[in-house]
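Have a look at the structure below, then the notes.
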Amino acid sequence: MPISPSSSAQAARETVAGRLRDIRKEAGLTVSELGVRCGWHHSKTSRIENARTAPSAKDIRLWCEAGGAVGEAAGLVAQSLSAESMYSEWRLQLRNGLKQLQDSWVQFFHETQLFRVYSATLVPGLLQTEGYVTALFHRIAEFREIPDESEAAATARVERSRVIHEPGHRFVLLVEESALYYRMGQADAMAAQLGYLLTADALPSVSLGVIPMSAPERTLWPMETFHVYDDTFVSVELLSAQINITQPNEVALYLKAFEQLRTMAVYGAEARALVVRAIDALG
């Protein structure tokens, strides 16, 4: 079972905070004394040491200077930046809009050879049609109260997804059957989306598995949407944030979960039959 997705980021923050606390104590400084030397209130020192506030690069350099550990500053700055990149709030990622967020992943997609995607609630992004994703982005913009550029962002996502037609990549995609029934947009947009799934599996680089709702007994429960890029990087989608995981033991845990989910899926004609059933249910 994957551990709490935010735990890796929090553990990394706590590692930095713990070392800063040790530097202060090794220098024989109280919380208040370090605050005076750094030019801030002692409460900030406490917040940083308890990993409630992330220190800036300047904060870390001042801290190390005050504690006589200047040589450690660069390493701690790098650790802190890495920890903060693990937990990436959507509100910050969306500051420049939905379209820019799609464009920011283009180069990374071109560089990735093996994509593994599990989705319990939506058609995987790499297989989303423009009508489907436009409706999805419209709802996201409404919910997050950001400018609605759903059409431009949808075009950017579909363009980004053309990577599935490029040589040198493989895509193993899993979707829960229930996700085929969650309507995004009008019935015609949903029908077009499901129709596309019927043809996508024919692409030589794509393996599409559907996990049936009628499976006799699950060996693993439905979980949060996650993407595994090659064997080194996992992104997990939560309501509030995207968790970026690079710790080998955690990546291995998601790979284990993916393989178990994969054994529950059906493929080929069986998967297409489930998609056709979902199309028929549109009425």
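Some notes on this structure:
- Using alpha-carbon coordinates, inclination of helix 7-26 to the longest axis of the chain, degrees: 10
- Packing rank of 271-282, 125-136, where each peptide gets the mean count of other beta carbons within 10 Å, highest leading: 125-136, 271-282
- With K and R counted +1 and D and E -1, the other residues having a Cβ less than 14 Å from that of ARG24 yield a net charge of -1.
- Modelled FRET efficiency - R0 25 Å, ASP231 with SER205, Cβ distances, 0.05 increments: 0.90
- Stretching the chain fully between SER56 and ALA74 yields a gain of 5.3 nm (0.36 nm per residue, less the alpha carbon separation).
- Only the Cβ atoms of Lys and Arg (+1) and of Asp and Glu (-1) were treated as charged; on that basis the dipole of the chain about its Cα centre amounts to roughly 660 debye.
- GLU14/ILE146 FRET efficiency (R0 35 Å; Cβ-Cβ; nearest 0.05): 0.65
- Carbon/sulfur fraction of accessible area - the chain, other protein chains in place, 1.4 Å, %: 54
- Unit charges at the beta carbon, dipole of region 74-194: most positive-side option, GLN107, LEU122, ALA154: GLN107
- In straight-distance terms, cross-link reach from LYS58 covers every one of the lysines whose alpha-carbon lies under 24 Å from its own, apart from those fewer than eight places away in the same chain; here that gives LYS25, LYS44.
- Taking the longest Cα principal axis of the chain as reference, the axis of helix 57-66 is set at about 30 degrees.
- Averaged over its residues, the chain has an accessible area of 49 Å² per residue, based on protein heavy atoms and a 1.4 Å probe.
- Taking amide H positions as modeled 1.01 Å from N, with prolines and chain starts lacking one, no residue 5 or more places away or on another chain lies under 5 Å from THR112.
- Structure-derived Rg and Dmax of the Cα atoms in Å - corresponding label in (1) 22.8, 74; (2) 26.1, 89; (3) 18.7, 58: (1)
- The chain - mean residue ellipticity at 222 nm from DSSP helices (-39,500 (n - 2.57) per run, n ≥ 4, rounded to 500): -15500 deg cm²/dmol
- Rough spin-label spacing in nm, given labels placed 7 Å along Cα→Cβ, for PHE108 and SER214: 3.9
The values are calculated or read from the model by the stated rules, or taken from the named source; none is laboratory data. These numbers come from a predicted model, not from an experiment. Note: ideal-geometry Cβ built from the backbone for every residue, glycine included; neighbour counts use all protein chains shown. In case anyone asks, the SASA skips ligands and DNA or RNA and just uses the protein heavy atoms, side chains included. Shrake-Rupley method; radii C 1.70, N 1.55, O 1.52, S 1.80 Å.
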